[in-house]
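No lab work stands behind these numbers, since they all come straight from the coordinates. Only a predicted model underlies this, so the values are computations on that prediction, with no experimental measurement involved. Don't worry about glycine lacking a Cβ; one is built from the backbone with ideal geometry, like all the others, and counts go over all protein chains shown.
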Amino acid sequence: MSQPALILSPPQRTADVPFATYKRRQAALARYRLYPLTAFYTLYAILVLAIAFSTKHPWTAVAFFSAGCVTWTLVEYLFHRYVLHGRFPPGQGVIRRFLHERLDPLHWDHHMRPFDGRHISGELKDILPLFFVAAPVSFLFPIYTAPVVLAGVVQSYVSEEWLHYALHFSNSRFPLFRRVKKYHLYHHSPRGIDKGYGITTRFWDGVFDTRFPQSVRRSLSKN
């Protein structure tokens, strides 16, 4: 079957389609959505880092890039917990309609159909308006500071999206990956849906007391 056929296949699984075939098609759809996002933000990060490393402050750039990566883990946690798991009821006004129509179904559909390729990851257009505001503002500061922080944030965003893709579609036997995958899939269960919001790290779940109970963590850590 050709790649376009995989991408354009309907997201719903029918009775005559084996689960392995359905999952393979949805994985292709999810990857197709991730390619533009990956190319755009990775090229931006490479360009900014190349310029920053050409200055007299390459190690400062490394420090600020690392800070951007750490910043993303907090943004990821807060966005997952309060936006993706938020509820935005309908109401009057443009903002309330936007929140209800765009954000309310954004993540709940992913929990209802965890292998639907349309809801595994975001798309380039999702945070592009915010990026087009943040990027020019960052250049008001030296290239090796705020612009590099933003480069770290967007590159970490790309990495998190691919990690989330892998947690749903890959079956690596690497022990750490298996533990992360079990942790995330437990979040998809009815018992874990209101905890375990961290994907790239569990650190913020510990800080904000949204870790799974100790008995669950102990069970998930076993091979």
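Some observations on this one:
- Computed over the range 26-77, Kirkwood Rh from alpha-carbon pairs, angstrom: 12.9 Å
- Sites Val94 and Leu185, calculated FRET efficiency, Cβ-Cβ separation with R0 41 Å, nearest 0.05: 0.65
- The calculated FRET efficiency for Lys125 paired with Asp209, based on their beta-carbon distance and R0 = 30 Å, is about 0.30.
- Using equal-weight Cα scatterers in the Debye expression, the normalised intensity of the range 127-185 in log10 at q = 0.28 Å⁻¹ is -1.09.
- Surrounding net charge for Arg217, when Lys and Arg each add one and Asp and Glu each subtract one, Cβ distance under 9 Å: +3
- Spherically averaged projected area in nm², based on the convex hull that wraps the Cα atoms of the range 150-223: 5.4 nm²
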